[in-house]
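Reading through the structure tokens given below for one structure.
The values are calculated or read from the model by the stated rules, or taken from the named source; none is laboratory data. Source: prediction; values computed, not measured. Virtual Cβ from ideal backbone geometry, glycine too; neighbours counted across all protein chains shown. To get the accessible areas, we keep the full protein, side chains included, count just its heavy atoms, and leave off ligands, DNA and RNA. Shrake-Rupley method; radii C 1.70, N 1.55, O 1.52, S 1.80 Å.
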Amino acid sequence: MWFVFALGSALFAALTSILAKVGIEGVNSTLATAIRTVVVLAMSWGMVFLTRAQGGMGEISRRSWLFLILSGLATGASWLCYYRALQLGRASQVVPIDKLSVVITLVLAFVFLHEPFTAKSMVGCALIAAGTLFMVL
């Protein structure tokens, strides 16, 4: 089931890029990010209440709160950079560079989460990096 959600994530991320590129025209990138964030916030809390998950807030540990907040800050920084890059560049160049996050995530998962970094992972990372360079240059 995770695979279906991962494909959905990829599909919606692709739509996000195209819709954002069209919508950001003539709009300050920071303002556009804030508008997008309000929509995501409303949608997220809507899902919390729809699924009746709000009761679990009291059970979240301090450590989880810290890392969820840090993750939110990283997301915000990523979105601000992404929207500015989309405003200044072509989507066909910005998106491949953004997807280098796959390579960075695999390295960080190896270093901090002690996840395995196999030969297959190394080849995949190299191919993604090479593909990114190929598409951008």
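Filtering region 58-69 for residues that are assigned by the TED database to the domain that holds Leu31 and not in a helix (DSSP H, G or I) leaves a non-empty set. For region 71-99, how many residues meet the condition of being assigned to a helix (DSSP H, G or I), surrounded by 14 or more Cβ atoms within 10 Å (Cβ to Cβ) and either more than 13 Å from the chain's Cα centre (by Cα) or assigned by the TED database to the domain that holds Ile128 (or both)? So the answer is 11. Taken together, the residues in region 1-51 that are closer than 18 Å to Cys81 by Cα and not in a helix (DSSP H, G or I) amount to 5.
Each row is one residue, and each column tells you yes or no for (1) open to solvent by less than 100 Å² (accessible area, probe 1.4 Å); (2) polar (S, T, N, Q); (3) outside the structural domain of Ser78 (by the TED database); (4) at pLDDT below 95.
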| site | (1), (2), (3), (4) |
| --- | --- |
| Ala10 | yes, no, no, yes |
| Thr30 | yes, yes, no, no |
| Met43 | no, no, no, no |
| Phe49 | no, no, no, no |
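Looking at Phe110, is it surrounded by 14 or more Cβ atoms within 10 Å (Cβ to Cβ), on the phi < 0 side of the Ramachandran plot, in a helix (DSSP H, G or I) and not assigned by the TED database to the domain that holds Phe12?
yes
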